[in-house]
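Asks: My structure is below; once you've seen it, I'll send some questions.
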Amino acid sequence: MSFHLFTSLSFQEAVATGGHHAGTARIFIMFDRLMLLLAWIGALLFVAAGVMLTYEVVARYFFIRPTIWAAELSQLCLIWGSLLGMPWALAARRHISVDAITRLCKPGMRRLLEIIAMAVVLVFSVMVTFKGWEIFLESFERGRTSGTMLDLPAWVAEIPVVIGFALLAVQAVIEIVGVIRGKDIPEGAHE
């Protein structure tokens, strides 16, 4: 992913103009790099979940020595991995999209529909972030646990909802700004 996804100006053009776009460009690039890093971390968490579950199967069925940790920790890896990867997936257009109608629209209408779609993502993400924060805070304050063999604090599985959806909201704003600035609207990843 590169900076041109976010704006019609390249980073070099923004810096060369000496205008306010240079600061915005730096922020977009830093956020872009953070999202790519989090996507890679998410991918590694998926690999870790696969390794843990494979280990669990081998330990359980070949050595008759099941673990008490593999299932719960792999679930946490999948939760964290999915939620950390959401903003990158939005920017890279890796979410499933239904574009049968938007393909038939003129470019101006497609831009408007893209802004509306990103605004819906933004509103939903903000709502989930705030509700997720309430749930996390309550679990943290009350000392709620998972109630499983590991009995981990419940907030360990709840805070990634807050982080993931807050970052998704920021990415939705970046997408809206990009469309307003004239960014090309990519085709859906799943055609």
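Each reported figure results from applying straightforward, stated rules to the coordinates on display, with no laboratory input. If you're wondering where the values come from, they're calculated on a predicted model, not measured in any experiment. Here Cβ is always computed from backbone atoms with ideal geometry, including for glycine, and neighbour counts include all displayed protein chains.
Asks: I'd like the Kirkwood hydrodynamic radius of region 3-180, using the inverse of the mean 1/r over distinct C-alpha pairs, in Å. Show your work: numbers first, answer last.
Replies: Numbers: mean 1/r = 0.0533 Å⁻¹.
The answer is 18.7 Å.
Asks: Further question: Among the helices of the chain (complete DSSP H runs), which have Cα atoms covering no less than 18 Å along the helix axis and a Kyte-Doolittle mean of at least 1.6?
Replies: Numbers: long enough: 21-61 (59 Å, 1.31); 70-91 (32 Å, 1.19); 107-142 (52 Å, 0.92); 155-180 (38 Å, 2.14).
Correct list, ordered by number: 155-180.
Asks: What FRET efficiency comes out for the pair residue 152/residue 26, r = Cβ-Cβ distance, R0 = 35 Å, nearest 0.05?
Replies: The pair residue 152/residue 26 has a calculated efficiency of 0.35.
Asks: Taking R0 as 41 Å, what FRET efficiency do you get between residue 170 and residue 142 from their Cβ-Cβ distance, rounded to the nearest 0.05?
Replies: The pair residue 170/residue 142 has a calculated efficiency of 0.90.
Asks: Compare the Cα positions of 62, 139, 91 along the charge dipole of the chain (+1 at Cβ of Lys, Arg; -1 at Cβ of Asp, Glu; about the Cα centre) and return the one farthest towards the positive end.
Replies: It is 91.
Asks: Quick check on the chain: helices-only [θ] at 222 nm, where DSSP H runs of length 4 and up contribute -39,500 (n - 2.57) each and the sum goes over total residues. Nearest 500, please.
Replies: -24500 deg cm²/dmol
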